[in-house]
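The values are calculated or read from the model by the stated rules, or taken from the named source; none is laboratory data. Fair warning: this is a prediction, and the values are worked out from it, not measured in the lab. Cβ: placed from backbone, ideal geometry, glycine included. Neighbour counts: every protein chain shown. We work out accessible area using only protein heavy atoms, side chains counted, and drop any ligands, DNA or RNA first. Shrake-Rupley method; radii C 1.70, N 1.55, O 1.52, S 1.80 Å.
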Amino acid sequence: AADMQTKEPAKGQHFLNETFKIIMEEVLRKGTDIKEKVCEWKEPEELALLLDLELRATGEPRHRLLQRVKDVAKYSIKTSHPRFFNQQYGGVDYHSLAGRFLTEALNTNLFTYEVAPVFVLMETEVLRGLRQLVGWTEGDGIFCPGGSTSNMYAMNLARYRLFPEVKSQGLWGLPQLTVFTSPESHYSVKKGAAYLGLGTDNVILVKVDDGGRMIPADLDEKIELAKSQGAVPFLVSCTSGTTVQGAFDPLDHIADVCQKHKLWMHVDAAWGGSVLFSKQHRHLMKGVDRANSVAWNPHKMLVAGLQCSVLLLQDTTNLLKQCHSANATYLFQQDKFYDVNLDIGDKSVQCSRKVDCLKLWLMWKAVGSDGLAERVDRAFIHIRYLVEQMKKREGFHILGEPEFVNVCFWYIPPSLRGKEGNADYQDRLAKVAPVIKERMMKQGTMMVGYQPLGNRVNFFRVIVFSPLVSQKDMDFFLNEIERLGNDL
């Protein structure tokens, strides 16, 4: 038994060292090399066999486990690759990655000062720095497991502020509560309404302009209409950087409406919040300091790594804790030998909460606010270049001038050019993006997303923000779209 106790950790440490070598080579070197594929596509049945997914009663030898690690790396999507344009996350920051490794190794839970003293203080400082960028000298906040959760927190807090009895008495006796958002807002607004028992029918969609921005006058009208029908409006969820078009709602004007009707103003800046680092682009969020809450995902544009999401609050009354606390005496004893206000776990609806602040803190310490601002500004430069080049090429049709770093466009192959008036034109155009996407995935050359929106058929949405991206990658992107779609 003593022998086994000595050998087992040693074997595990050796395996860990070998695994790190695979990560460095297969994920971080090859996974960021433009000569390598973004993905090695396999159909599900073949992939399951290649990975040998079956879990067995007896353990497997080290050489087979290392092969499995290599297979996981080989067949996973290389999201750090410069030609991964598919989502609002991607790229790699090595300081942040070091923080992620350290977080995993320390394996602690961010609920009390006694088990996470470093991270309680660190999270507090990072949240303070982010709130300052919003324009608040005081406030509160918490790291959440994703922007959807941040949006749901805001909804729950807004309801609690208006009807604190809901925490103990439930929904019984509450009036019909209504939420207002745009049709281009994140789907988590509707999910939150369902999850919190408000009902998706009570999410009222406000009209947007051609660029996808909420129209404040229509918001005001819809609030008045809801009141006249006996409902109780309580929250407006604005968006700074919509998922598809990258639109920024006019926060200052929306704040006027919220102030008039005494509604909680929440800003979902999960995607666009990072413009606050940039002196050149922070005007896109003018008026954000008038909000009650802001959701922001540094794992997106700042490349902090999944996941890194915060909810920021202007509140100074400890609303977050009042709304969510359960006062578990086995964790949050009030007679501890240190300041019990440092036990921040009761602010969260979770008990176990991962440390997500270290990766952002380490990256921010390494490059500074100026370095993060430069990262944001560079993304806008790449987008301007990409749009300029698109306009010079036949077959690329941009939906509208981008406000952010999302470019939405149709690629029109030669066979469809000049045939816009044909009855089947829209149906045929709708099939172009899915076919090009299939081809690029199966060849592994790059990844970009597509979607329909309203009455507009499938179009591409390219996202550019990774610090690894260059103008050569922009040129490659356009050339590759043409190559993959020219014969359609």
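For this structure, a couple of remarks:
- Counted over all Cα-Cα pairs of segment 109-354, pairs farther apart than 29 Å make up 28 percent.
- Projecting the Cα atoms of SER274, LEU284, ALA304 onto the dipole axis of segment 268-356, where Lys and Arg carry +1 and Asp and Glu carry -1 at the beta carbon, places LEU284 farthest toward the positive end.
- Exceeding the 20 Å Cα-Cα cut-off - candidates LYS21/LYS70; LYS35/LYS472; LYS286/LYS321; LYS207/LYS279: LYS286/LYS321; LYS207/LYS279
- Segment 409-488-segment 65-142 distance, computed between alpha-carbon centres (Å): 32
- The calculated Kirkwood hydrodynamic radius for segment 425-488 is 12.7 Å, given to one decimal from all distinct C-alpha pairs.
- Of all beta bridges that DSSP places with both ends in the chain, some 55 percent have antiparallel geometry.
- Calculated FRET value between LYS336 and GLU45, using beta carbons and R₀ = 45 Å, to 0.05: 0.25
- Taking each residue as 0.36 nm, the span from CYS351 to GLU374 lengthens on full extension beyond its C-alpha to C-alpha distance by 4.6 nm.
- Inter-label distance for VAL72 and LYS191, nm, one decimal - labels placed 7 Å from Cα along Cα-to-Cβ: 2.4
- The alpha carbon radius of gyration of segment 145-233, expressed as a multiple of 2.2 N^0.38 Å, is 1.12.
- Compared with the direct C-alpha span, the chain from SER325 to GLU25 gains 103.5 nm at full extension, assuming 0.36 nm per residue.
- Overall dimensions of the chain, expressed as equivalent-ellipsoid semi-axes from the Cα gyration tensor (√(5λ), whole Å, largest first), are 37, 36, 21.
- Each of PHE101, GLY59, GLN88 was placed along the dipole of segment 33-112 (beta-carbon charges, centred on the mean Cα), and the one lying farthest toward the positive end is PHE101.
- Applying 0.36 nm per residue to the separation of ASN109 and GLN280 and subtracting their alpha-carbon distance, the gain on full extension is 57.7 nm.
- Sequence of SER76, SER325 when ordered by accessible area, the most exposed leading, probe 1.4 angstrom: SER76, SER325
- With all projection directions averaged, the alpha carbon convex hull of segment 197-338 covers 12.2 nm².
- Candidate aspartates and glutamates - alpha carbon under 12 Å from LYS336, same-chain residues fewer than 8 apart omitted: GLU114
- Solvent-accessible area, 1.4 Å probe, carbon plus sulfur percent, for the chain: 53
- In segment 1-134, Cα pairs under 8 Å separated by at least six residues give a relative contact order of 23 percent.
- Rounded to the nearest 20 debye, the dipole size of the chain about its Cα centre is 600 debye, using +1 on the Cβ of Lys and Arg and -1 on the Cβ of Asp and Glu.
- Accessible area per residue, Å², segment 109-354 with all protein chains present, probe 1.4 Å: 42
- Over the chain, relative contact order from alpha-carbon pairs under 8 Å, at least 6 apart, %: 20
- 222 nm mean residue ellipticity, helices alone, for the chain (DSSP H n ≥ 4; -39,500 (n - 2.57); rounded to 500): -13000 deg cm²/dmol
- For segment 1-151, size of Cβ-based charge dipole, Lys and Arg +1, Asp and Glu -1, in debye: 480
- Charge dipole of the chain about the Cα centre (unit charges at C-beta), most positive-ward option of GLY230, ALA194, ILE383: ILE383
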